[in-house]
Amino acid sequence: MPESFDVIVIGAGPGGYVAAIRAAQLGLKTACVEKRATLGGTCLNVGCIPSKALLQSSENFEETAHKFAEHGIVIEGSVKLDLARMQARKAEVVGANVKGVEFLFRKNKVTWLKGEGSIPRAGVVAVNGAEYAAKHIVIATGSESTPLNGVPVDEQRIVTSTGGLELSEVPKHMVVIGGGVIGLELGSVWRRLGAEVTVVEFLDGILPGMDGEIRKQFERILVKQGIKFRLKTKVTGATVGNDGVTLTVEPAAGGAAETLQADIVLLAIGRRPFVAGLGLEGAGVALDERGRVKVDAHYATNVPGIWAIGDAIAGPMLAHKAEEEGVAVAERIAGQAGHVNYEAIPGVVYTWPEVASVGRTEEQLKEAGIAYKAGKFPFTANGRARAMGDVDGFVKILADTKTDRILGAHIIGPDAGTLIAELALAIEFGASAEDVARTSHAHPSLNEAVKEAALAVAGRALHI
Ligand code: FAD
Ligand code: NAD
């Protein structure tokens, strides 16, 4: 008799490990299959956590080298980079986080089945030749970097984010293919540490899908910081030689080709769902036209007892989106009413300044024909931002013209990623701009810019 579980989750990323913990909390006998040597998935091992460790370290380096003088802090001699130590610290941060998930599995009595899982048929998961019975199977196998024809990744010279987080030397010239979240976060890390960075983007602007006004201001700020952009440009090939990589690029609309020389190329044109080796075809689980596992509104696939969440299904590829789905699917399996509100999922780019967004953009509201009012407040008029010396950016709140309900919020500025939480909560609670405007915000805080933007929706900002 194979060992049997109520729930077997395949993949221990933020979607899978959270689903497993929540299922165990609900009294279900739960196992989680993970093939990586450590738990935590892309996010903890090679994604969110190591990238934020390097973003923090590189920001500290840049501040020390360039910003301290303005505060009257004098460094005698030059500020030196110890990249080996910086990378070792990053590894320590990752190590502590992945061990934390192991602890949570033990605490909640989730069994870790080590190895690659597959689904030979509904109700059965195979791991390392052994079969386990499962009343419910949750696919949480995540995503992988999207390849580009003619640009062969070797993780040495031509790297994905995984190799881009591991460099042991600061490149002289890094060319980033793709002006999205990964390109701009990792491009910022290596620029701060001394690299010349050129971003090649196919479209006419960076961060497609984000609020248009924010995208434009962000691009201007990054250019001021020294990042070079080649917009409306496509990469048609890459050759690795002794001195680095030669990239062939041409205008996106077609035209004369030219070459770019780089010592490191970072390929960051998006991620695609990863379901290879699961045996989904045999199990009869349907995929959509983009290779994502097809699910209904409650994460059920077309095969009864098989569910899917996270990067492997449609929606933004974000860790907290995967986590919310992990909780919701476990609650559904336990007969409860788990649900995710996709209107209230924030997105943050952890550069400096940060860029953060929740709900609809102006472009989306216009396209949907929804009448809205916009309230905006710049950080130049915020006392705390002035004290910090970080005045680039603004808060923008979009509210329904008739009901004043907040429909979207977009921030570029210091700690935007933290500030956006208040507006995600406001959207989740169905708050109006007036609700936020009437709430007392501590002075002097960056949050006051949120209050002022809410006041501005009604044309009554106080400090501008
Ligand atoms: P994953 O985290 O990809 O986990 C899937 C796991 O399944 C993996 O561990 C894999 O080994 C395992 N697996 C796959 N197939 C099998 C199998 N057959 N058997 C056993 N195990 C299997 N998101 C944010 O919200 N904030 C950020 O700051 C952020 N930064 C990022 C930075 C980078 C560089 C990258 C690459 C991504 C970042 N993301 C960020 C995105 C985030 O990492 C993903 O959205 C998130 O990890 C998705 O979670 P998941 O559980 O769906 O899948
Ligand atoms: P992305 O979708 O954010 O950006 C990809 C960019 O590449 C786009 O601007 C796109 O127009 C461009 N592009 C596509 N094909 C191209 C081509 N052939 N040539 C030039 N440019 C091209 O993807 P990403 O930056 O690779 O990130 C992948 C995922 O990881 C994202 O979905 C994101 O949600 C997630 N992520 C999130 C965070 C965060 O939340 N802070 C950080 C990193 C990654």
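The values are calculated or read from the model by the stated rules, or taken from the named source; none is laboratory data. Bear in mind that the values here come from a model prediction, so they are computed numbers and not experimental data. Methodologically, a virtual Cβ is constructed for each residue, glycine included, from the backbone with ideal geometry; neighbour enumeration extends over all protein chains shown. SASA here: full protein model, heavy atoms, side chains in, ligands and nucleic acids out. Shrake-Rupley method; radii C 1.70, N 1.55, O 1.52, S 1.80 Å.
Can you pull out the trypsin sites (Lys or Arg not before Pro) in region 9-107 whose DSSP state is coil and whose Cβ has at most 12 other Cβ atoms within 10 Å? If you can, show how the numbers build up before the last one.
Details: sites: ARG22, LYS29, LYS35, ARG36, LYS52, LYS67, LYS80, ARG85, ARG89, LYS90, LYS99, ARG106, LYS107; in loops: LYS29, LYS35, ARG36, LYS80.
Listed in order of number, the matching sites are LYS80.
If I model the chain as equal point scatterers sitting on the Cα atoms and use the Debye formula, what is log10 I(q)/I(0) at q = 0.07 Å⁻¹?
Computed log10 I(q)/I(0) values: -0.40.
Counting only C-alpha contacts under 8 Å and six or more residues apart, can you give the relative contact order of region 158-269 as a whole percent? Intermediate results must be reported in sequence, preceding the final value.
Working: 223 pairs, mean separation 38.2, N = 112.
Once normalised by length, the contact order is 34 percent.
Provide the net charge surrounding GLY459, with neighbours chosen by a C-beta distance below 13 Å and charges set as Lys +1, Arg +1, Asp -1, Glu -1.
Computed value for this residue: 0.
Around GLY408, what is the net charge, scoring Lys/Arg as +1 and Asp/Glu as -1 over all other residues with Cβ under 15 Å from its Cβ?
Numbers: positive: ARG215, ARG360, LYS366, LYS373, LYS376, LYS396, ARG405; negative: ASP211, GLU213, GLU343, GLU362, GLU363, GLU367, ASP400, ASP404, GLU422, GLU428.
Counting the neighbours of GLY408, the net charge comes to -3.
Skip the ligands, DNA and RNA, and give the accessible area per residue of region 1-102 with a 1.4 Å probe, whole Å².
47
Run the numbers on the chain and let me know its relative contact order in percent, using alpha-carbon pairs under 8 Å that are six or more apart. Mind dumping the intermediate values first?
On the way: 1028 pairs, mean separation 67.7, N = 464.
It rounds to 15 percent for the chain.
If Lys and Arg each add +1 and Asp and Glu each add -1, what is the summed charge of the other residues whose beta carbon sits under 14 Å from the beta carbon of ALA257? Before the final figure, lay out the partial values.
Details: positive: ARG230, LYS234; negative: GLU250, GLU258.
My count for the surroundings of ALA257 gives 0.
Write out the GluC sites (Glu not before Pro) in region 40-106 meeting two conditions: DSSP loop, and at most 14 other Cβ atoms within 10 Å of their Cβ.
GLU76
List the aspartates and glutamates whose Cα sits under 16 Å from the Cα of LYS366, skipping any in the same chain fewer than 8 residues away.
The qualifying aspartates and glutamates are ASP211, GLU213, ASP400.
Based on Cβ point charges of +1 for Lys and Arg and -1 for Asp and Glu, what charge dipole magnitude is obtained for the chain about its Cα centre, in debye rounded to the nearest 20? Mind showing how you got there, number by number?
Details: 48 positive and 54 negative charges, 89 e Å.
The dipole of the chain has a size of about 420 debye.
On a straight-distance basis, which aspartates and glutamates could pair with LYS99 in a cross-link, Cα separation under 19 angstrom, same-chain partners fewer than 8 positions away excluded?
GLU34, GLU323
On the protein heavy atoms, probe 1.4 angstrom, tell me the percent of accessible surface of the chain carried by carbon and sulfur. Walk me through the numbers on the way to the answer.
Numbers: 11010 of 20930 Å².
Here it works out to 53 percent.
Any chance you could list P(r) for region 344-457, counting all Cα-Cα pairs in 5 angstrom bins from zero, rounded to whole %?
Reading upward from the zero bin: 2, 14, 25, 26, 19, 10, 3, 1, 0.
State the answer as a single residue: which of VAL153, GLY164, THR236 lies farthest towards the positive end of the charge dipole of the chain, with beta carbon charges of +1 for Lys and Arg and -1 for Asp and Glu, about the Cα centre.
GLY164
For VAL249, what accessible surface area do you get with a 1.4 Å probe? Give it in Å², rounded to 10.
For VAL249, the solvent-accessible surface is approximately 0 Å².
On a C-alpha basis, how far is the centre of region 11-45 from the centre of region 48-91 in Å? Whole number, if you could?
Comparing the Cα centres of region 11-45 and region 48-91, I get a distance of 33 Å.
Calculate I(q)/I(0) for region 158-269 by the Debye formula, one identical point scatterer on each C-alpha and no solvent, and give its log10 at q = 0.12, 0.13, 0.14, 0.16 Å⁻¹ to two decimals.
-0.38, -0.44, -0.52, -0.68
Please compute the length gained on full extension between HIS298 and ALA37, using 0.36 nm multiplied by the number of residues separating them and subtracting their Cα-Cα distance.
Values: separation 261, 0.36 × 261 = 93.96 nm, distance 3.06 nm.
Gain in length upon complete extension: 90.9 nm.
Between PHE103 and ALA256, what length comes free when the chain is fully extended (0.36 nm per residue of separation minus the Cα-Cα distance, one decimal in nm)? Walk me through the intermediate numbers first.
Numbers: separation 153, 0.36 × 153 = 55.08 nm, distance 5.65 nm.
Working it through step by step, the gained length comes to 49.4 nm.
Place a +1 charge on the Cβ of each Lys and Arg in region 344-457 and a -1 charge on the Cβ of each Asp and Glu, then give the dipole magnitude about the Cα centre in debye, rounded to the nearest 20. Mind showing how you got there, number by number?
On the way: 11 positive and 15 negative charges, 47 e Å.
Using only the charged Cβ atoms, the result is roughly 220 debye.
Could you rank the peptides 4-17, 447-460, 317-330 by their average count of other C-beta atoms within 10 Å per residue, with the highest value first?
Values: 4-17: 28.0, 447-460: 22.1, 317-330: 23.9.
Descending packing order for the listed peptides: 4-17, 317-330, 447-460.
Where nothing but the Cβ of Lys and Arg (+1) and of Asp and Glu (-1) is charged, how large is the charge dipole of region 49-127 around its Cα centre, in debye to the nearest 20? Write out the running numbers ahead of the final one.
On the way: 12 positive and 9 negative charges, 148 e Å.
Magnitude of the dipole: close to 720 debye.
Which is farthest toward the positive dipole end of the chain among HIS339, ALA91, ALA319, measuring Cα position about the Cα centre, with Cβ charges +1 (Lys, Arg) and -1 (Asp, Glu)?
Checking the options against the dipole of the chain, the answer is HIS339.
At what distance in angstrom do the alpha carbon centres of region 381-448 and region 276-349 lie from each other?
31
Could you name the lysines in cross-link range of LYS224, using Cα to Cα under 25 Å and dropping any fewer than eight places away on the same chain?
Hits, sequence-local ones excluded: LYS52, LYS67, LYS80, LYS172, LYS216, LYS232, LYS234, LYS376, LYS396.
With a cap of 13 neighbouring Cβ atoms within 10 Å, and only residues DSSP puts in a loop, list the trypsin sites (Lys or Arg not before Pro) found in region 375-432. Before the final figure, lay out each step's value.
Values: sites: LYS376, ARG384, ARG386, LYS396, LYS402, ARG405; in loops: LYS402.
Taking region 375-432 and a limit of 13 other Cβ atoms within 10 Å, the loop trypsin sites (Lys or Arg not before Pro) found are LYS402.
Give the Rg (one decimal place) followed by the Dmax (whole number) of region 1-53, computed from C-alpha coordinates and expressed in Å.
Here Rg and the maximum Cα pair distance are 12.7, 46 Å.
Heavy-atom accessible area per residue, region 162-274, 1.4 Å probe: how many Å²? Don't skip to the answer; put the middle values down first.
Working: 4800 Å² over 113 residues.
Value for region 162-274: 42 Å² per residue.
By the 4.7 Å beta carbon criterion, which cysteine residues of the chain come out unpaired?
Isolated Cys, the chain: CYS32.
Over region 344-457, give the accessible area per residue in Å² for a 1.4 Å probe, as an integer.
40
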